[in-house]
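J.: A single structure is presented below for examination.
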Amino acid sequence: MLVAFILFGTMPFWIEAVGLYQYLGVEVMIWMIFALGFNLLLGYTGLPSFGHGAFLGIGAYTFGLAQFNVWPNLWFCLLAAIVVTGLIGGVAALFLSHRRGIYFALMTIAVSQIFFFIASKWTDVTGGEDGMLNIARLPVELGVASFSIKSNIGLFYLSFALFVAAVILLWRLTNSPYGRILRAIKQNEMRVRFVGYDVKFFKWSVFTLSCAIAGLAGGLFAMAQEGAYINIMSLQWSGIIVLMTLIGGGFVSFWGPVLGVALYFVARDVLGAYTESWLLWFGLMFVLLVMFKPEGIAGIWRDLVIRRKDRKTDSNRVGALAQSEAGR
């Protein structure tokens with residue numbers, strides 16, 4: 001965790017030196033928050049949501065509506081994005097929590113398409129295909145001081161601070177009894193029900209929490225883009241967040257989504273500089289990982305660590321045996 005915080009906290013100082021740009025750091029931070037929240041569903045509970053981009057979009061639109069129509073305050077607008085997206089996600093979860101497997105996945109697609117259709121047709125509120133424009137990067141009000149985040153570096157450090165808070169919260173949550181119940185549901189939902197836990201409640205609660213975190217990411221995304229647009233509510237972006245989580249290794253590691261997001265955006269900008277069909281090569285990489293290492297990048301790292309420990313243990317055993325023989 002400390003390594004991640006140091007690496008990402010210093011990103012504005014070295015990102016341009018490696019040939020990238022400051023706005024990329026903002027994108028990476030926002031999508032890491034989104035991916036960590038999404039991994040509560042996919043990686044920890046085993047619930048494949050293929051329509052989660054809709055909740056990112058709801059958070060973005062809510063942030064804009066709160067700014068234009070209620071109170072242009074950063075904390076209020078972010079809180080509105082979290083609460084409203086969580087409430088809408090909670091209502092949707094009432095229809096999803098009694099489903100599992102492919103039926104759950106298909107229901108999430110249907111729900112996301114409903115919200116996508118509403119956003120595209122309710123032009124008086126959302127702006128339709130033109131989107132909601134001129135969303136401002138509101139200053140960070142801390143009572144005694146105020147900081148502007150109009151620059152990409154300023155917005156990056158706001159996103160980084162919220163990323164740190166999200167990581168600590170989710171790490172504590174996933175390593176609590178609640179998190180262990182989620183992992184048990186992923187392993188065998190029926191057994192968890194027979195033990196006496198209300199599986200539907202836990203599925204409802206984790207879906208609602210994941211949507212609330214998506215709302216936070218959506219609010220930050222609205223400021224980054226200075227607008228809210230329906231394209232992020234499409235199935236394409238919902239599929240990309242699944243791809244990011246899987247290729248990073250969300251099934252086996254808390255940090256899998258973080259690795260997946262970083263790899264996706266670096267591949268987009270590095271490979272995209274050489275070819276317009278960069279997504280083809282990224283997709284081939286994903287196919288190879290699924291075929292030969294479904295645990296993703298985090299799984300590869302885990303196996304390397306285990307092998308290193310095994311070699312060290314074997315060498316220690318050999319050394320101990322050699323000393324024993326010498327003593328005899």
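Bear in mind that the values in this text are calculations on the coordinates, not laboratory data. None of the values given here were measured: they were computed from a predicted structure. Glycine also receives a Cβ, built like all others from the backbone with ideal geometry; neighbour counts cover every protein chain displayed.
J.: Could you work out how much longer the chain between Val70 and Val270 gets when fully extended? Use 0.36 nm per residue separation minus the Cα distance between them, nm to one decimal. Before the final figure, lay out each step's value.
T.: Values: separation 200, 0.36 × 200 = 72.00 nm, distance 4.13 nm.
67.9 nm is the gain from fully extending Val70 to Val270.
J.: Check cross-link reach from Lys312 to the aspartates and glutamates: straight Cα distance under 17 Å, and skip same-chain residues fewer than eight apart.
T.: Partners found: Asp303.
J.: Based on DSSP H assignment, which helices of the chain show an axial Cα extent of at least 27 Å together with a mean Kyte-Doolittle hydropathy greater than or equal to -0.5? Let's see the in-between values first.
T.: Numbers: long enough: 74-96 (32 Å, 2.47); 101-121 (31 Å, 1.58); 152-174 (31 Å, 1.82); 199-225 (38 Å, 1.23); 296-327 (47 Å, -0.61).
Membrane-span-like by this rule: 74-96, 101-121, 152-174, 199-225.
J.: Treating only the Cβ atoms of Lys and Arg (+1) and Asp and Glu (-1) as charged, compute the dipole magnitude of the chain about its Cα centre; round to the nearest 20 debye. Let's see the in-between values first.
T.: Numbers: 23 positive and 16 negative charges, 304 e Å.
That gives the chain a dipole magnitude of about 1460 debye.
J.: Between Phe13, Phe104, Phe251, find the one with the highest GNM mean-square fluctuation for the chain; connect C-alpha pairs within less than 10 Å.
T.: Looking only at Phe13, Phe104, Phe251, the biggest GNM fluctuation is shown by Phe13.
J.: Assuming R0 = 41 Å, can you tell me the calculated FRET efficiency for the pair Ser277 and Tyr197, based on Cβ-Cβ distance, to the nearest 0.05? Before the final figure, lay out the partial values.
T.: Numbers: r = 47 Å, r/R0 = 1.15.
The calculated FRET efficiency here is 0.30.
J.: List the relative contact order of the chain as a percent without decimals, with contacts defined as Cα pairs under 8 Å and 6+ residues apart. Intermediate values should be presented prior to the final figure.
T.: Details: 472 pairs, mean separation 95.6, N = 328.
Relative CO of the chain lands at 29 percent.
J.: Follow-up. Using the Kirkwood formula on the Cα atoms of the stretch 125-219, what hydrodynamic radius do you get, in angstrom to one decimal?
T.: Numbers: mean 1/r = 0.0599 Å⁻¹.
The answer is 16.7 Å.
J.: While we're looking at this one, here's another question. With just the Cα atoms of the stretch 2-239, tell me how far they stretch along each of the three principal axes, in Å, largest first.
T.: Ordered largest first, the stretch 2-239 gives principal extents of 53, 46, 37 Å.
J.: May I ask for the net charge around Phe50, where only other residues with Cβ less than 15 Å from the Cβ of Phe50 are counted and Lys, Arg are +1 while Asp, Glu are -1?
T.: Details: positive: Arg99, Arg100; negative: none.
Net charge in that neighbourhood comes out at +2.
J.: Separate question: For a quick check: sort Ser159, Ser253, Ser205 by the number of other beta carbons within 10 angstrom, fewest at the front.
T.: On the way: Ser159 27, Ser253 20, Ser205 17.
Final ranking by Cβ density, sparse to dense: Ser205, Ser253, Ser159.
J.: Place the peptides 138-147, 288-297 in order of packing, highest mean first, counting for every residue the other Cβ atoms within 10 Å and averaging per peptide.
T.: On the way: 138-147: 11.5, 288-297: 14.8.
Averaged packing, sorted descending, gives the order 288-297, 138-147.
J.: With runs of 4+ DSSP H residues as the only contributors, calculate the mean residue ellipticity of the chain at 222 nm using -39,500 (n - 2.57) per run, divided by the residue total and rounded to the nearest 500.
T.: Details: 15 runs with 241 residues, N = 328.
Here the helix-only value at 222 nm equals -24500 deg cm²/dmol.
J.: Applying a 10 Å radius around every beta-carbon, put 34-41, 196-203 in order of their mean neighbour count, most first.
T.: 34-41, 196-203
J.: Name the long-range amide H neighbours of Gly227: under 5 Å, sequence gap of 5 or more, or other chain; modelled H, no Pro or chain starts.
T.: The answer is Ile135.
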